[in-house]
Structure formats: C-alpha cells, structure tokens
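Student: Below you'll find the structure I mean.
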Amino acid sequence: MANFEEILSKGTLFINKNVLSPHYIPEHLPFREEYIEEIMRVLSPALKEQKPKNLFIYGKTGTGKTCSIKIVLEKFNRFAEEKKLNAKMLYINCRVYNSRYRIMNKVMKSFVPELEKTGFGLTFIYEKMVELLNTGMQLVVVLDEIDMVKDLDDLIYTITRANDEVSGKKGGVTVVGISNKLSFKNELDPRSKSSLYETEIIFPPYTAPQLKSILEQRVEAGFRKNSVTQGAINLIAAITAQETGDARYALKLLERAGEVAENNQKNIVEERDVEEARKRVEYDITAEAIATLPINQQLVLYTIAKLSKETKFLDPELEGYLFSGDVYEHYVKMGRRLGKKPKSARWYREYINELEVLGLISTILSGKGIRGRTRLIKIGHNPDDVIKIIEGNNIII
C-alpha cells in the first residue's frame, strides 16, 4: 500500500507550482507595463484629493486585466498609506458580490466595523458612505466581472447620487469596471453607460512570442532546470495564441503537461505531453466553469448542448446557432419532466447573459427576416463534454 513517505521520496519535475497558478501575481508583469501605467495615470488624481474619472477595462479572459489592476491596487494603497492620504482602493469580485446591496455592504465594511453584523439596510449603508466621503475620502472601487452584477444600473445610480451629495466636493467614489465582454456596455441604461464609460482601456490577447516569453519565465521559476523542452514551450504558445491568447490557459496547459510527464515517470516535458494535456485541460476548464452554476442554469446549458447535437441546421450561416425561444421552451419541458421548477423568462435571460460572460456560450442577434430580430445561442464548448459533466453532477436523474 502506498504511503506519503514513498510518494514524497519520488522525484518531481516541479520546484514551485505556485508560479503556474492563475492567482499568482508576479513582481513584474511582462507586456502589460504600458497598461498598468495608463491605469495609474487615470487613477492618480485620487492621490491629489481629486476624483478620477470612472474607468472601464475590457479584455478577453487571460489578458492580464485582473493581475494588472491588483498590481496598481497594491501600489496605490502603499503610496496612500506612506503619504498618510485619505484615499483607498478596494477590489470586489462580482461573481461573489453580485448585487448593489452586497457590493455596498462589502465596500463599507472596510470602514464601518458594525456592518459585520447582519440586519443593516441599504439606506443605512448609503448614509455611512456619504459620511465617509464627506471626510474627504477618495475611494476607488474595482468591480471585476462587473457584468455579473444583477442590478448594476441601480448601483451606478446610487454611487453617482452619493458623489453628488458630498459637501465641498473633496471626497468621491470612482468605479473601475472590468469585463470580458465588450458588447456589455450596450446592455446598460444610457445614464449608466455615460457615467461608467468616462475612460476605457482595452487589453489585447497575448501573441505567440509574448506567450513564449511568459512561459519561459514561469518554466525557469517553476520547473527543475532543463526539464521542459523548447518544443513543448513553443507548442503551448502556438496553441494558445491561435485559440484565445489566454495566458491563464497557457499556464494551466504547461502545468498539466508537467503532471502528464510525471505520471508517465518521465524526467522531461515534451510536445507529446502537451498534446495529451490539452484534451484534459479543455475538459477541466469546462467542468470548473459548470461546477459554479446553480441547478437551473446547468439545466439551461444542458438543454443547449442537447439541442446543439439534435438540431439540423438548414441555413449554413446559422450552423450551430439555436433560437433562444426554442431553448427556453425545451428547458421548461425538461425541468418539469425532472421535477425541478423552471425559472421565469426573465431569470432565463439572466442565465443566458451569465453563461455568455463565462464563455460557455456565445450569442448574436439574428438579421431581419429570421423570426424578426431574435437572440441566437451557440454552445461554446464540446457539447458531448458539457452533457457528460452535467450528467456527472447528478442533476439529470
């Protein structure tokens, strides 16, 4: 029988797996220096008792948005603390804090300890925010995955109103919104759009040479010397650049290729290990995204995957796309058959928006003449994998 002593005594290709994690923030973020500097320039007025313009940052997954903003946040707060300035920058993950109340409560907990207790209403929290701003506080709130906020128009209105109420105009709240979805602004109320989009920065996908350089740096820090071939690094960079330009995907693929080589008792990572790892990584990424979804949302995605396999597409231009109304109709039938109460059409639209943000589906509006102008939905991953994962979650029983 295996024991830990035996397992730990075996050699490993890794010396530090942490540097391959998507949560690892390097001291120096290559190829994003100019974007970090631009963010710092936009937010710098807060360190001079002036309210910066609101900022919106867009870029596909794995383009360095979150990492860059966290580097700026650390620099901002350190500078403010050293200079004893009345300024603070806060980071909010909107996948966790996805409503006006949750976000306002989370922000103000940093300044009002009594909010750790439950039961305080939005009015109380709002009043505390206005009090804080009237002390001259320049507050910069980063809303990462801002498109996950269900009542964002209400949140932007509340923050705008708080800024308007500040006496002497010394304090203020600045919003930094981050999203993977450029079309997101078209879904906002015009007033929210004009307020939120005062300044924009777009992060492009990484190129193959850039990914190669990033991978080489992480290999040097995370693997034993000469344990990853240049061919393996080049292949990961090429695959990633061709598909998404997603650095997180590239690093996950590198880590998994190392594990494949290790499991095969090899002392070097080669291109064949990358090819084997690629299949597993794509499946893992899909499974991880689906695991976070509530049951009814998984049912919606399951319906899309099943219909994608069963539907015969007569129009080549619509190959793979499903009518949103058809998906909802089948989802309702499936929910009732499984004894799970289907959600309303309004909730269904919310689910579709979130699935698109997560990259599990894509949507477009149909042209004129195709059932009017309707929303078309396309599965973003292998439908067989999606079906297998959701059935494995014991939801379809």
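Student: Please go through region 38-54 and give me each residue that is farther than 14 Å from Gln138 by Cβ and either crowded, with 16+ Cβ neighbours inside 10 Å or touching a helix residue (DSSP H, G or I) at 6+ places or on another chain (Cβ under 8 Å) (or both), ordered by number.
Tutor: Glu38, Ile39, Met40 - these are the residues of region 38-54 that are farther than 14 Å from Gln138 by Cβ and either crowded, with 16+ Cβ neighbours inside 10 Å or touching a helix residue (DSSP H, G or I) at 6+ places or on another chain (Cβ under 8 Å) (or both).
Student: Based on this model, can you work out whether Lys84 counts as buried (at least 22 other Cβ atoms within 10 Å of the Cβ) and at pLDDT 95 or above?
Tutor: So Lys84 fails the test.
Student: Next question, about the same structure. At pLDDT 95 or above, within 27 Å of the chain's Cα centre (by Cα) and surrounded by fewer than 16 Cβ atoms within 10 Å (Cβ to Cβ): does that describe Ser110? Break it down stepwise before answering.
Tutor: On the way: at pLDDT 95 or above: no; within 27 Å of the chain's Cα centre (by Cα): yes; surrounded by fewer than 16 Cβ atoms within 10 Å (Cβ to Cβ): yes.
Here the answer is no, as Ser110 does not meet what is asked.
Student: Kindly list, by first and then second residue, each pair from a residue in region 328-342 that is more than 10 Å from Tyr302 (Cβ to Cβ) to a residue that is of a type outside the set (A, V, I, L, M) and part of a loop (DSSP other than H, G, I, E, B), limited to pairs with Cβ atoms under 7 Å and residues at least 6 apart or on different chains.
Tutor: Here the result reads Val332/Pro342; Gly335/Lys341; Gly335/Pro342; Arg336/Pro342, each pair linking region 328-342 to a residue that is of a type outside the set (A, V, I, L, M) and part of a loop (DSSP other than H, G, I, E, B).
Student: From the residues in region 212-248 that are hydroxyl-bearing (Ser, Thr, Tyr) and surrounded by fewer than 22 Cβ atoms within 10 Å (Cβ to Cβ), which one is modelled with the lowest pLDDT?
Tutor: Once the filter is applied, the top-ranked residue is Thr244.
Student: If you take just the helices (runs of 4 or more DSSP H) that sit entirely in region 61-171, which of them hold at least 1 residues that are under 30 Å from Tyr249 (Cα atoms)?
Tutor: 65-82, 100-109, 152-165
Student: Given the structure, is Leu90 within 21 Å of the chain's Cα centre (by Cα), closer than 22 Å to Pro190 by Cβ and of a type in the set (A, V, I, L, M)?
Tutor: no
Student: Looking for whichever is within 30 Å of Lys84 (Cβ to Cβ) and out of contact with any Pro (no Cβ under 7 Å at 6 or more places or on another chain) here; the options are Gly177, Gly222. Which one fits?
Tutor: Numbers: Gly222 fails: within 30 Å of Lys84 (Cβ to Cβ).
Of the residues listed, the single one that is within 30 Å of Lys84 (Cβ to Cβ) and out of contact with any Pro (no Cβ under 7 Å at 6 or more places or on another chain) is Gly177.
Student: Here is a follow-up. Which one of these is in the same structural domain as Arg349 (by TED's automatic domain parsing), at positive phi and exposed (fewer than 15 other Cβ atoms within 10 Å of the Cβ): Gly320, Gly325?
Tutor: Gly320
Student: Where in region 248-352 are there helices (runs of 4 or more DSSP H), lying fully within it, with 1 or more residues that are out of contact with any Phe, Trp or Tyr (no Cβ under 6 Å at 6 or more places or on another chain), under 30 Å from Cys67 (Cβ atoms) and among the charged types (D, E, K, R)?
Tutor: 271-291
Student: Right, another one. Give region 190-206 a look and list any residue that's out of contact with any Phe, Trp or Tyr (no Cβ under 6 Å at 6 or more places or on another chain) and loosely packed, with under 14 Cβ neighbours inside 10 Å, or say none.
Tutor: Within region 190-206, Pro190, Arg191, Ser194, Pro204 meet the criteria.
Student: Identify, by number, the condition in (1) among the hydrophobic types (A, V, I, L, M, F, W, C); (2) at pLDDT 90 or above; (3) over 23 Å from the mean Cα position of the chain (by Cα) that Ile396 doesn't meet.
Tutor: Among (1) among the hydrophobic types (A, V, I, L, M, F, W, C); (2) at pLDDT 90 or above; (3) over 23 Å from the mean Cα position of the chain (by Cα), the lone unmet condition for Ile396 is (2).
Student: To continue, here is another question. Could you identify the single residue in Lys83, Lys75, Lys60, Lys53 that is farther than 26 Å from Val281 by Cα, in contact (Cβ under 8 Å) with a residue 40 or more places away in the chain and of a type in the set (Lys, Arg)?
Tutor: Sole residue among the options that is farther than 26 Å from Val281 by Cα, in contact (Cβ under 8 Å) with a residue 40 or more places away in the chain and of a type in the set (Lys, Arg): Lys53.
Student: Another question, if that's okay. Which of the residues belonging to region 359-393 are in contact with a strand residue (DSSP E or B) (Cβ under 7 Å, 6 or more places away or on another chain) and at pLDDT below 75?
Tutor: Ser366, Arg371, Arg373
Student: Moving on. I need the full set of residues from region 136-154 which are modelled with pLDDT under 95 and surrounded by 20 or more Cβ atoms within 10 Å (Cβ to Cβ), in order please.
Tutor: Matches in region 136-154: Glu145, Ile146, Asp147, Met148, Val149, Leu152.
Student: Still on this structure, I have one more. Only one residue in Glu271, Glu282 is touching a Leu at 6+ places or on another chain (Cβ under 6 Å) and among the acidic types (Asp, Glu). Which one? If you could, list the steps in order and put the result at the bottom.
Tutor: Values: Glu282 fails: touching a Leu at 6+ places or on another chain (Cβ under 6 Å).
Sole residue among the options that is touching a Leu at 6+ places or on another chain (Cβ under 6 Å) and among the acidic types (Asp, Glu): Glu271.
Student: Please count how many residues of region 299-320 are at pLDDT 90 or above and of a type outside the set (Lys, Arg).
Tutor: Number satisfying all stated conditions: 9.
Student: Also, I was wondering about something else. Mind telling me which of the residues Thr118, Thr158 ends up being polar (S, T, N, Q) and either touching a residue at least 40 places away in the same chain (Cβ under 8 Å) or crowded, with 22+ Cβ neighbours inside 10 Å (or both)?
Tutor: Step by step, each of Thr118, Thr158 is checked, and only Thr158 is polar (S, T, N, Q) and either touching a residue at least 40 places away in the same chain (Cβ under 8 Å) or crowded, with 22+ Cβ neighbours inside 10 Å (or both).
The values are calculated or read from the model by the stated rules, or taken from the named source; none is laboratory data. Please read all numbers here as calculations on a predicted model, not as lab measurements. Every residue, glycine among them, receives a Cβ derived from its backbone with ideal geometry; neighbour counts consider all protein chains shown.
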